[in-house]
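These notes are about the structure you will find just below.
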Amino acid sequence: MRLFNNMESRDNPMTLSELNEQVQLAVHASFPETYWVRAETSDVRVNASSGHCYLEFVEKDAHTGQIVAKARGTIWSRTWYTLKTPFENITGQSFASGLKVMVNISVEFHKLYGYSLTVIDIDPSYTLGDLVRKKQEIILRLKAEGVFELNRELPFPDLPQHIAVITSPTAAGYEDFVNQLLYNQPGYPFLIKLFPAVMQGEKTEESVIAALDRVAQYAELFDVVVLIRGGGSAADLNCFDSYPLAAHCAQFPLPLITGIGHERDDSIVDMVAHTRMKTPTAVAAFLIGKRDEQAGELNRLQQHICAGVTEILARHKTNLKLLATRFPASVTHLIEWNGMLLTAAGNRLSATHLLIQKQQLFLTGMKQQLQHLSESFIKDKNEELELTEQFLKLVSLDYSLKRGYVLTLKDGKIVRHAAGLAAGDTITIRYADGERTAVIQ
(Lines give C-alpha, C1' and ligand atoms only; values in the text may rest on other atoms or scores of the structure.)
Protein backbone atom coordinates (compact mmCIF):
# COMPACT_ATOMS: atom_id res chain seq x y z
CA MET A 1 0.00 0.00 0.00
CA ARG A 2 1.36 3.39 -0.96
CA LEU A 3 1.80 5.85 1.92
CA PHE A 4 1.57 9.58 1.32
CA ASN A 5 2.55 12.66 3.14
CA ASN A 6 1.46 16.25 2.80
CA MET A 7 4.40 16.96 0.49
CA GLU A 8 3.05 14.97 -2.43
CA SER A 9 3.77 16.89 -5.60
CA ARG A 10 1.62 17.69 -8.51
CA ASP A 11 3.74 15.34 -10.55
CA ASN A 12 2.79 12.40 -8.42
CA PRO A 13 -0.80 13.03 -7.23
CA MET A 14 -2.80 10.41 -5.31
CA THR A 15 -6.03 8.94 -6.61
CA LEU A 16 -9.34 9.45 -4.82
CA SER A 17 -9.39 5.82 -3.69
CA GLU A 18 -5.87 6.22 -2.33
CA LEU A 19 -6.94 9.32 -0.44
CA ASN A 20 -9.98 7.53 0.96
CA GLU A 21 -7.78 4.62 2.02
CA GLN A 22 -5.60 7.04 3.93
CA VAL A 23 -8.68 8.57 5.58
CA GLN A 24 -9.93 5.06 6.40
CA LEU A 25 -6.63 4.22 8.09
CA ALA A 26 -6.67 7.49 9.97
CA VAL A 27 -10.23 6.97 11.17
CA HIS A 28 -9.56 3.42 12.31
CA ALA A 29 -6.41 4.57 14.10
CA SER A 30 -8.18 7.50 15.79
CA PHE A 31 -11.35 5.61 16.76
CA PRO A 32 -10.26 2.03 17.45
CA GLU A 33 -12.97 1.26 20.04
CA THR A 34 -16.75 1.52 20.31
CA TYR A 35 -18.46 4.63 21.70
CA TRP A 36 -21.79 5.46 23.31
CA VAL A 37 -23.50 8.27 21.42
CA ARG A 38 -26.76 10.19 22.06
CA ALA A 39 -28.72 11.19 18.95
CA GLU A 40 -32.13 11.22 17.26
CA THR A 41 -33.12 8.66 14.63
CA SER A 42 -34.16 9.73 11.16
CA ASP A 43 -35.09 8.02 7.88
CA VAL A 44 -35.18 4.53 9.47
CA ARG A 45 -35.73 1.77 6.91
CA VAL A 46 -35.16 -1.99 6.78
CA ASN A 47 -34.05 -3.67 3.57
CA ALA A 48 -36.55 -6.46 2.85
CA SER A 49 -34.07 -8.74 1.15
CA SER A 50 -30.93 -8.32 3.27
CA GLY A 51 -32.59 -7.57 6.62
CA HIS A 52 -30.15 -4.73 7.30
CA CYS A 53 -31.48 -1.56 8.95
CA TYR A 54 -30.31 1.75 7.48
CA LEU A 55 -30.89 5.13 9.11
CA GLU A 56 -29.46 8.52 9.85
CA PHE A 57 -28.47 9.90 13.25
CA VAL A 58 -29.07 13.61 13.73
CA GLU A 59 -28.54 16.15 16.48
CA LYS A 60 -30.79 19.21 16.70
CA ASP A 61 -30.30 22.53 18.39
CA ALA A 62 -32.37 22.50 21.60
CA HIS A 63 -33.73 26.01 20.96
CA THR A 64 -34.11 26.29 17.17
CA GLY A 65 -34.66 22.65 16.25
CA GLN A 66 -32.14 23.00 13.42
CA ILE A 67 -29.95 20.00 12.61
CA VAL A 68 -26.41 20.66 13.79
CA ALA A 69 -24.90 17.22 13.12
CA LYS A 70 -25.73 14.21 10.96
CA ALA A 71 -24.22 10.77 10.36
CA ARG A 72 -25.26 7.76 8.33
CA GLY A 73 -25.90 4.63 10.41
CA THR A 74 -26.16 0.91 9.79
CA ILE A 75 -27.45 -1.96 11.89
CA TRP A 76 -26.48 -5.23 10.25
CA SER A 77 -29.22 -7.85 10.06
CA ARG A 78 -27.85 -10.17 12.75
CA THR A 79 -27.51 -7.26 15.19
CA TRP A 80 -30.87 -5.79 14.12
CA TYR A 81 -32.86 -8.92 14.93
CA THR A 82 -31.02 -9.25 18.24
CA LEU A 83 -31.73 -5.65 19.32
CA LYS A 84 -35.15 -4.91 17.82
CA THR A 85 -37.40 -7.11 19.98
CA PRO A 86 -35.87 -6.24 23.39
CA PHE A 87 -35.95 -2.55 22.49
CA GLU A 88 -39.64 -2.61 21.54
CA ASN A 89 -40.64 -4.82 24.51
CA ILE A 90 -38.97 -2.49 27.01
CA THR A 91 -39.94 0.85 25.47
CA GLY A 92 -43.30 -0.18 24.03
CA GLN A 93 -42.22 1.74 20.96
CA SER A 94 -41.26 0.63 17.45
CA PHE A 95 -37.71 1.49 16.46
CA ALA A 96 -38.58 4.27 14.03
CA SER A 97 -37.68 7.80 13.05
CA GLY A 98 -37.91 10.58 15.62
CA LEU A 99 -36.72 8.61 18.65
CA LYS A 100 -34.06 9.83 21.00
CA VAL A 101 -31.62 6.94 21.45
CA MET A 102 -28.34 6.07 23.08
CA VAL A 103 -26.37 3.68 20.85
CA ASN A 104 -23.03 1.95 21.10
CA ILE A 105 -21.31 2.44 17.74
CA SER A 106 -18.08 1.87 15.92
CA VAL A 107 -16.83 4.61 13.61
CA GLU A 108 -16.39 3.42 10.03
CA PHE A 109 -15.04 4.95 6.84
CA HIS A 110 -15.36 3.11 3.58
CA LYS A 111 -13.54 4.37 0.53
CA LEU A 112 -16.67 3.89 -1.59
CA TYR A 113 -19.50 4.66 0.87
CA GLY A 114 -17.72 7.17 3.06
CA TYR A 115 -18.29 7.94 6.76
CA SER A 116 -20.87 5.96 8.75
CA LEU A 117 -21.64 4.59 12.19
CA THR A 118 -22.20 0.89 12.74
CA VAL A 119 -24.55 0.16 15.64
CA ILE A 120 -23.36 -2.50 18.09
CA ASP A 121 -25.89 -2.04 20.90
CA ILE A 122 -28.85 0.14 21.96
CA ASP A 123 -29.76 1.25 25.50
CA PRO A 124 -33.61 1.04 25.66
CA SER A 125 -33.75 2.72 29.08
CA TYR A 126 -32.58 6.03 27.58
CA THR A 127 -35.40 6.01 25.02
CA LEU A 128 -37.90 4.79 27.62
CA GLY A 129 -37.02 7.71 29.86
CA ASP A 130 -37.64 10.13 27.03
CA LEU A 131 -41.00 8.50 26.19
CA VAL A 132 -42.07 8.61 29.85
CA ARG A 133 -41.08 12.26 30.00
CA LYS A 134 -43.14 13.07 26.89
CA LYS A 135 -46.13 11.15 28.28
CA GLN A 136 -45.92 13.02 31.58
CA GLU A 137 -45.67 16.34 29.74
CA ILE A 138 -48.91 15.54 27.86
CA ILE A 139 -50.67 14.58 31.11
CA LEU A 140 -49.55 17.80 32.80
CA ARG A 141 -50.66 19.81 29.78
CA LEU A 142 -54.14 18.26 29.83
CA LYS A 143 -54.43 18.95 33.56
CA ALA A 144 -53.21 22.53 33.13
CA GLU A 145 -55.87 23.06 30.44
CA GLY A 146 -58.51 21.72 32.84
CA VAL A 147 -59.72 18.92 30.56
CA PHE A 148 -58.06 15.85 32.10
CA GLU A 149 -61.06 14.97 34.32
CA LEU A 150 -63.89 16.23 32.09
CA ASN A 151 -65.06 12.92 30.63
CA ARG A 152 -64.89 11.09 33.97
CA GLU A 153 -67.12 13.78 35.48
CA LEU A 154 -69.97 13.05 33.02
CA PRO A 155 -72.92 11.17 34.60
CA PHE A 156 -73.10 7.57 33.41
CA PRO A 157 -76.57 6.54 32.07
CA ASP A 158 -78.61 4.16 34.25
CA LEU A 159 -79.61 2.02 31.26
CA PRO A 160 -76.87 2.17 28.60
CA GLN A 161 -78.55 0.78 25.50
CA HIS A 162 -77.50 2.81 22.44
CA ILE A 163 -73.78 2.18 21.93
CA ALA A 164 -71.47 3.95 19.44
CA VAL A 165 -68.41 1.77 18.75
CA ILE A 166 -65.14 3.06 17.30
CA THR A 167 -62.88 0.28 16.03
CA SER A 168 -61.76 -1.55 12.91
CA PRO A 169 -64.62 -3.62 11.46
CA THR A 170 -62.18 -6.49 10.81
CA ALA A 171 -60.80 -6.59 14.36
CA ALA A 172 -61.41 -9.87 16.19
CA GLY A 173 -62.08 -7.88 19.34
CA TYR A 174 -65.04 -6.13 17.68
CA GLU A 175 -66.71 -9.44 16.77
CA ASP A 176 -66.25 -10.76 20.32
CA PHE A 177 -67.68 -7.51 21.74
CA VAL A 178 -70.78 -7.62 19.52
CA ASN A 179 -71.48 -11.32 20.16
CA GLN A 180 -71.19 -10.97 23.92
CA LEU A 181 -73.37 -7.86 24.01
CA LEU A 182 -76.15 -8.98 21.65
CA TYR A 183 -76.42 -12.54 22.95
CA ASN A 184 -76.22 -11.74 26.66
CA GLN A 185 -77.89 -14.33 28.90
CA PRO A 186 -80.53 -12.07 30.50
CA GLY A 187 -81.60 -10.93 27.01
CA TYR A 188 -81.10 -7.18 27.51
CA PRO A 189 -81.58 -5.23 24.27
CA PHE A 190 -78.58 -3.27 22.96
CA LEU A 191 -78.38 -1.17 19.79
CA ILE A 192 -74.84 -0.96 18.36
CA LYS A 193 -73.58 1.42 15.66
CA LEU A 194 -70.06 0.97 14.27
CA PHE A 195 -67.94 3.99 13.35
CA PRO A 196 -64.97 2.43 11.49
CA ALA A 197 -61.44 3.63 12.23
CA VAL A 198 -57.86 2.51 11.68
CA MET A 199 -56.60 1.07 14.97
CA GLN A 200 -52.94 0.41 14.17
CA GLY A 201 -50.14 2.35 12.53
CA GLU A 202 -49.41 5.96 11.73
CA LYS A 203 -52.97 6.80 10.64
CA THR A 204 -54.60 5.64 13.89
CA GLU A 205 -54.62 9.04 15.60
CA GLU A 206 -56.14 10.87 12.63
CA SER A 207 -58.67 8.09 11.94
CA VAL A 208 -59.93 7.78 15.54
CA ILE A 209 -60.30 11.57 15.88
CA ALA A 210 -62.35 11.62 12.66
CA ALA A 211 -64.57 8.83 14.00
CA LEU A 212 -65.09 10.72 17.28
CA ASP A 213 -66.14 13.78 15.28
CA ARG A 214 -68.69 11.68 13.37
CA VAL A 215 -70.14 10.30 16.61
CA ALA A 216 -70.34 13.82 18.07
CA GLN A 217 -72.64 14.86 15.18
CA TYR A 218 -75.23 12.33 16.46
CA ALA A 219 -74.39 12.48 20.17
CA GLU A 220 -78.06 12.79 21.18
CA LEU A 221 -78.76 9.33 19.69
CA PHE A 222 -76.24 7.47 21.86
CA ASP A 223 -75.77 6.76 25.56
CA VAL A 224 -72.03 6.00 25.51
CA VAL A 225 -69.16 5.65 23.04
CA VAL A 226 -66.85 2.63 23.15
CA LEU A 227 -63.24 2.66 21.85
CA ILE A 228 -61.96 -0.91 21.44
CA ARG A 229 -59.38 -2.98 19.60
CA GLY A 230 -58.19 -6.54 19.99
CA GLY A 231 -54.74 -6.99 21.54
CA GLY A 232 -51.53 -5.98 19.82
CA SER A 233 -48.02 -5.20 20.95
CA ALA A 234 -47.26 -2.23 23.15
CA ALA A 235 -45.56 -0.59 20.20
CA ASP A 236 -48.82 -0.74 18.21
CA LEU A 237 -50.66 1.16 20.93
CA ASN A 238 -48.44 4.23 21.34
CA CYS A 239 -50.79 6.26 19.16
CA PHE A 240 -53.15 6.33 22.18
CA ASP A 241 -50.57 8.42 24.04
CA SER A 242 -50.84 11.39 21.68
CA TYR A 243 -52.01 14.81 22.88
CA PRO A 244 -54.55 15.52 20.07
CA LEU A 245 -56.34 12.18 20.52
CA ALA A 246 -56.30 12.37 24.33
CA ALA A 247 -57.64 15.95 24.24
CA HIS A 248 -60.51 14.88 21.95
CA CYS A 249 -61.41 11.97 24.23
CA ALA A 250 -61.20 14.04 27.42
CA GLN A 251 -63.61 16.67 26.05
CA PHE A 252 -66.02 14.26 24.34
CA PRO A 253 -69.69 14.97 25.27
CA LEU A 254 -70.55 11.29 25.91
CA PRO A 255 -69.01 8.93 28.49
CA LEU A 256 -66.10 7.12 26.82
CA ILE A 257 -65.27 3.48 27.64
CA THR A 258 -61.92 2.09 26.46
CA GLY A 259 -60.95 -1.53 25.91
CA ILE A 260 -57.88 -1.34 23.71
CA GLY A 261 -56.31 -4.58 24.82
CA HIS A 262 -53.19 -3.85 26.84
CA GLU A 263 -52.71 -4.38 30.56
CA ARG A 264 -49.15 -3.35 31.37
CA ASP A 265 -49.72 0.40 31.44
CA ASP A 266 -52.63 2.74 30.96
CA SER A 267 -52.42 4.89 27.87
CA ILE A 268 -53.27 8.57 28.19
CA VAL A 269 -56.56 7.88 26.40
CA ASP A 270 -57.34 5.29 29.11
CA MET A 271 -56.55 7.87 31.78
CA VAL A 272 -58.92 10.54 30.42
CA ALA A 273 -61.74 8.10 29.52
CA HIS A 274 -64.77 7.81 31.77
CA THR A 275 -64.18 4.07 32.29
CA ARG A 276 -61.15 1.96 31.38
CA MET A 277 -61.51 -1.80 30.81
CA LYS A 278 -58.78 -4.21 29.72
CA THR A 279 -60.37 -5.86 26.67
CA PRO A 280 -63.39 -5.49 24.36
CA THR A 281 -65.14 -8.42 26.07
CA ALA A 282 -64.55 -6.75 29.44
CA VAL A 283 -66.30 -3.63 28.09
CA ALA A 284 -69.28 -5.78 27.03
CA ALA A 285 -69.41 -7.42 30.47
CA PHE A 286 -69.31 -3.97 32.10
CA LEU A 287 -72.30 -2.73 30.06
CA ILE A 288 -74.28 -5.91 30.81
CA GLY A 289 -73.42 -5.49 34.49
CA LYS A 290 -74.90 -1.99 34.45
CA ARG A 291 -78.17 -3.44 33.15
CA ASP A 292 -78.02 -6.17 35.83
CA GLU A 293 -77.80 -3.47 38.52
CA GLN A 294 -80.97 -1.80 37.25
CA ALA A 295 -82.79 -5.13 36.89
CA GLY A 296 -81.90 -5.96 40.49
CA GLU A 297 -83.22 -2.59 41.64
CA LEU A 298 -86.51 -3.18 39.76
CA ASN A 299 -86.86 -6.62 41.36
CA ARG A 300 -86.32 -5.14 44.81
CA LEU A 301 -88.94 -2.47 44.07
CA GLN A 302 -91.42 -5.12 42.88
CA GLN A 303 -90.93 -7.14 46.05
CA HIS A 304 -91.40 -4.01 48.16
CA ILE A 305 -94.69 -3.17 46.39
CA CYS A 306 -96.01 -6.72 46.76
CA ALA A 307 -95.17 -6.75 50.45
CA GLY A 308 -96.87 -3.37 50.91
CA VAL A 309 -100.05 -4.50 49.14
CA THR A 310 -100.17 -7.69 51.22
CA GLU A 311 -99.82 -5.68 54.43
CA ILE A 312 -102.60 -3.29 53.42
CA LEU A 313 -104.97 -6.16 52.58
CA ALA A 314 -104.24 -7.87 55.88
CA ARG A 315 -104.88 -4.67 57.81
CA HIS A 316 -108.22 -4.05 56.06
CA LYS A 317 -109.23 -7.65 56.61
CA THR A 318 -108.60 -7.27 60.34
CA ASN A 319 -110.59 -4.03 60.43
CA LEU A 320 -113.52 -5.64 58.65
CA LYS A 321 -113.53 -8.59 61.04
CA LEU A 322 -113.51 -6.18 63.98
CA LEU A 323 -116.34 -4.20 62.42
CA ALA A 324 -118.32 -7.36 61.81
CA THR A 325 -117.90 -8.29 65.47
CA ARG A 326 -118.92 -4.91 66.88
CA PHE A 327 -121.74 -3.90 64.49
CA PRO A 328 -124.54 -6.28 65.66
CA ALA A 329 -123.81 -5.53 69.32
CA SER A 330 -123.92 -1.79 68.69
CA VAL A 331 -127.24 -2.08 66.87
CA THR A 332 -128.71 -4.26 69.58
CA HIS A 333 -127.55 -1.87 72.27
CA LEU A 334 -129.08 1.06 70.41
CA ILE A 335 -132.38 -0.74 70.01
CA GLU A 336 -132.47 -1.74 73.64
CA TRP A 337 -131.71 1.82 74.72
CA ASN A 338 -134.47 3.21 72.53
CA GLY A 339 -136.83 0.52 73.86
CA MET A 340 -136.09 1.57 77.37
CA LEU A 341 -136.80 5.18 76.49
CA LEU A 342 -140.08 4.21 74.83
CA THR A 343 -141.13 2.07 77.76
CA ALA A 344 -140.39 4.89 80.12
CA ALA A 345 -142.36 7.24 77.93
CA GLY A 346 -145.20 4.71 77.84
CA ASN A 347 -145.26 4.55 81.59
CA ARG A 348 -145.46 8.30 81.73
CA LEU A 349 -147.99 8.56 78.94
CA SER A 350 -150.40 5.72 79.53
CA ALA A 351 -152.98 7.61 77.57
CA THR A 352 -150.92 7.21 74.48
CA HIS A 353 -150.58 3.40 74.74
CA LEU A 354 -151.67 2.87 71.16
CA LEU A 355 -149.02 5.23 69.91
CA ILE A 356 -146.41 3.42 71.92
CA GLN A 357 -147.51 0.09 70.48
CA LYS A 358 -147.14 1.49 66.98
CA GLN A 359 -143.71 2.83 67.82
CA GLN A 360 -142.72 -0.55 69.20
CA LEU A 361 -143.85 -2.25 66.02
CA PHE A 362 -141.85 0.29 64.02
CA LEU A 363 -138.75 -0.27 66.11
CA THR A 364 -139.14 -4.03 65.80
CA GLY A 365 -139.27 -3.70 62.02
CA MET A 366 -136.28 -1.36 62.06
CA LYS A 367 -134.36 -3.84 64.18
CA GLN A 368 -135.04 -6.63 61.75
CA GLN A 369 -134.14 -4.43 58.82
CA LEU A 370 -130.91 -3.29 60.43
CA GLN A 371 -129.98 -6.84 61.33
CA HIS A 372 -130.63 -7.90 57.75
CA LEU A 373 -128.57 -5.02 56.37
CA SER A 374 -125.68 -5.67 58.73
CA GLU A 375 -125.64 -9.38 57.90
CA SER A 376 -125.76 -8.59 54.17
CA PHE A 377 -122.93 -6.03 54.50
CA ILE A 378 -120.77 -8.47 56.46
CA LYS A 379 -121.47 -11.25 53.95
CA ASP A 380 -120.50 -9.03 51.01
CA LYS A 381 -117.25 -7.99 52.68
CA ASN A 382 -116.39 -11.60 53.56
CA GLU A 383 -117.00 -12.65 49.95
CA GLU A 384 -114.79 -9.79 48.77
CA LEU A 385 -112.02 -10.90 51.15
CA GLU A 386 -112.35 -14.53 50.01
CA LEU A 387 -112.07 -13.47 46.35
CA THR A 388 -108.97 -11.41 47.16
CA GLU A 389 -107.40 -14.35 48.99
CA GLN A 390 -108.20 -16.68 46.08
CA PHE A 391 -106.63 -14.24 43.61
CA LEU A 392 -103.44 -13.95 45.68
CA LYS A 393 -103.34 -17.75 45.94
CA LEU A 394 -103.79 -18.19 42.17
CA VAL A 395 -100.91 -15.83 41.32
CA SER A 396 -98.53 -17.34 43.91
CA LEU A 397 -95.54 -19.42 42.77
CA ASP A 398 -96.44 -22.37 45.06
CA TYR A 399 -99.90 -22.65 43.53
CA SER A 400 -98.48 -22.58 39.98
CA LEU A 401 -96.05 -25.37 40.90
CA LYS A 402 -98.85 -27.48 42.45
CA ARG A 403 -100.84 -27.11 39.20
CA GLY A 404 -98.01 -28.80 37.31
CA TYR A 405 -95.98 -25.86 36.15
CA VAL A 406 -92.23 -25.93 36.73
CA LEU A 407 -89.61 -23.22 37.23
CA THR A 408 -86.35 -23.48 35.25
CA LEU A 409 -83.24 -21.88 36.80
CA LYS A 410 -79.74 -21.45 35.47
CA ASP A 411 -77.01 -20.18 37.80
CA GLY A 412 -79.75 -19.16 40.23
CA LYS A 413 -81.58 -17.01 37.63
CA ILE A 414 -84.96 -17.70 36.01
CA VAL A 415 -84.73 -18.87 32.37
CA ARG A 416 -87.51 -17.15 30.41
CA HIS A 417 -86.47 -18.02 26.85
CA ALA A 418 -85.08 -21.17 25.23
CA ALA A 419 -82.54 -18.97 23.44
CA GLY A 420 -80.91 -18.36 26.80
CA LEU A 421 -79.84 -22.05 26.98
CA ALA A 422 -77.05 -23.77 25.12
CA ALA A 423 -75.84 -27.37 24.90
CA GLY A 424 -73.91 -28.35 28.00
CA ASP A 425 -75.68 -25.84 30.28
CA THR A 426 -76.72 -27.18 33.67
CA ILE A 427 -80.20 -26.17 34.79
CA THR A 428 -82.31 -26.65 37.93
CA ILE A 429 -86.00 -27.56 37.52
CA ARG A 430 -88.19 -26.72 40.51
CA TYR A 431 -91.40 -28.74 41.11
CA ALA A 432 -93.98 -28.41 43.83
CA ASP A 433 -92.33 -31.16 45.89
CA GLY A 434 -88.63 -30.44 45.22
CA GLU A 435 -85.93 -29.74 42.64
CA ARG A 436 -84.07 -31.73 39.99
CA THR A 437 -80.89 -30.89 38.02
CA ALA A 438 -80.57 -31.47 34.24
CA VAL A 439 -78.06 -30.86 31.45
CA ILE A 440 -79.08 -29.39 28.07
CA GLN A 441 -78.10 -31.71 25.17
Helix-only mean residue ellipticity at 222 nm for the chain, each DSSP H run of n ≥ 4 adding -39500 (n - 2.57), per residue, nearest 500: -16000 deg cm²/dmol
Taking the Cα centre of the chain as the origin and placing charges on Cβ (Lys, Arg +1; Asp, Glu -1), which of Val225, Pro160, Ile312 is farthest toward the positive end of the dipole? Ile312
Assigned charges on the beta-carbon of Lys, Arg, Asp, Glu; the chain dipole about Cα centre (debye): 2200
Using Cα springs under 10 Å in a Gaussian network model of the chain, which residue among Leu16, Leu256, Leu237 shows the largest mean-square fluctuation? Leu16
When the chain is modelled as a GNM with alpha-carbon springs shorter than 10 Å, which of Met102, Met199, Met14 fluctuates the most? Met14
Pull out a ≥ b ≥ c, the square roots of the eigenvalues of the alpha-carbon gyration tensor of segment 321-441, then state rounded if a/c is under 1.5, prolate if not and a/b is larger than b/c, and oblate in the remaining case. prolate
Restricted to the chain, the DSSP antiparallel beta bridge percent, nearest 5, is 70
Near Leu83, within a Cβ-to-Cβ distance under 13 Å, what is the net charge of the other residues, with Lys and Arg +1 and Asp and Glu -1? -1
If I compute solvent accessible area with a 1.4 Å probe over the protein chains, what percent of it on segment 251-314 is carbon and sulfur? 57
Mean projected area (nm²) of the alpha-carbon convex hull when the chain is viewed from all directions: 42.6
Percentage, to the nearest whole number, of Cα pairs in segment 182-249 over 20 Å apart: 38
Would you mind working out the magnitude of the charge dipole of segment 179-222 relative to its Cα centre, with +1 at each Lys and Arg C-beta and -1 at each Asp and Glu C-beta, to the nearest 20 Debye? 220
In the chain, once you exclude exposed chymotrypsin sites (Phe, Trp or Tyr not before Pro) (DSSP loop, at most 16 other Cβ within 10 angstrom), what's the longest stretch remaining? 219-404
Output the DSSP H helices from the chain with an along-axis C-alpha extent of no less than 27 Å and a mean Kyte-Doolittle hydropathy no less than -1.0. 124-144, 280-348, 353-394
What accessible area per residue comes out for segment 264-386, rounded to a whole number of Å², with a 1.4 Å probe? 70
Projecting the Cα atoms of Ala246, Ser267, Ala295 onto the charge dipole of segment 208-318, where Lys and Arg contribute +1 and Asp and Glu -1 at Cβ, the residue farthest towards the positive end is Ala295
Straight-distance crosslink candidates among lysines, where the alpha carbon sits under 16 Å from Lys402 and sequence neighbours closer than 8 are dropped: Lys393
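The values are calculated or read from the model by the stated rules, or taken from the named source; none is laboratory data. The structure displayed is predicted, hence computed values, not measured ones. No Cβ is skipped: glycine too gets one built from the backbone with ideal geometry, and neighbour counts run over all protein chains shown. We work out accessible area using only protein heavy atoms, side chains counted, and drop any ligands, DNA or RNA first. Shrake-Rupley method; radii C 1.70, N 1.55, O 1.52, S 1.80 Å.
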